[in-house]
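Read the structure below first, then the notes.
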Amino acid sequence: MTLTLAIVGRPNVGKSTLFNRLVGKRLALVDDQPGVTRDLREGEARLGDLRFTVIDTAGLEEATDESLEGRMRKLTERAVDMADVCLFIVDARTGLAPADRVFAEILRRRASHVILAANKAEGAAADAGVIEAWELGLGEPLRISAEHGEGMTDLYAALMPFA
Ligand code: GDP
Ligand code: MG
């Protein structure tokens, strides 16, 4: 059985950027496919010699009548239940937002394995945000930059025990 990894986190933290980096062009479900749900994207990821299924949670970006927190809960719960491991991404540049603490609580209760990553961590400007991520109580945050491909060896090491 192959590992399924769900990438979760509030809008704009860099989930899709990381998804695209891991999946490249090997996208299983594309956004413009008719009838395909847009809020969970699945692809076949590669990281070094690891092969796994990765789920990108989108769907929080669109404005609807339902509250962001309500949608976050539902979507995150769906993704968590599909996944063996959750990669919870926070933004090291903006620092923690209230929604990050809500996510952390959902994940603590529901997910069997959580890897925390502080993204956009290229450069010293991100140091404070990386340190703040410890407050989530999910262990040591991986320092990554999805856009620049930094921290991928640490991500590899964190995933390897599950693969
Ligand atoms: P999502 O809403 O969580 O899927 O976030 P996106 O992947 O769409 O990224 C949101 C914004 O953050 C985009 O403008 C990205 O280019 C930017 N971004 C993503 N990763 C990084 C990173 O590692 N460093 C920086 N500086 N920006 C990033
Ligand atoms: Mg996205």
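The values are calculated or read from the model by the stated rules, or taken from the named source; none is laboratory data. Note that the structure is a prediction, hence the values are computed from the model and not measured. Note that we place each Cβ from the backbone using ideal geometry, even for glycine, and neighbour counts take in every protein chain shown. Note: accessible area is taken over every heavy atom of the protein model, side chains too, but ligands, DNA and RNA are not part of it. Shrake-Rupley method; radii C 1.70, N 1.55, O 1.52, S 1.80 Å.
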Exercise for the section: Looking only at region 141-160, decide whether some residue is part of a loop (DSSP other than H, G, I, E, B), modelled with pLDDT under 95 and open to solvent by 30 Å² or more (accessible area, probe 1.4 Å). Expected result: no
Handout entry: Filtered residues of region 68-94 (kept if outside any strand (DSSP E or B), crowded, with 17+ Cβ neighbours inside 10 Å and of a type outside the set (D, E, K, R))
Key = MET72, LEU75, THR76, ALA79, VAL80, ALA83, ALA92
Completion exercise
Restricted to region 28-50 and to residues being more than 17 Å from the chain's Cα centre (by Cα) and at pLDDT 80 or above, the residue surrounded by the fewest Cβ atoms within 10 Å (Cβ to Cβ) is ASP49
Completion exercise
Of the listed residues (ALA133, ALA126), the one being over 17 Å from the mean Cα position of the chain (by Cα) and either of a type in the set (Gly, Ala, Ser) or open to solvent by less than 20 Å² (accessible area, probe 1.4 Å) (or both) is ALA126
Problem - Filter result (in a helix (DSSP H, G or I) and within 19 Å of THR17 (Cα to Cα)) within region 97-126 - result: ASP100, ALA126
Problem - Sole exception among (1) in contact (Cβ under 8 Å) with a residue 40 or more places away in the chain; (2) within 16 Å of ligand 2 (Cβ to nearest atom) for THR94, by number - result: (1)
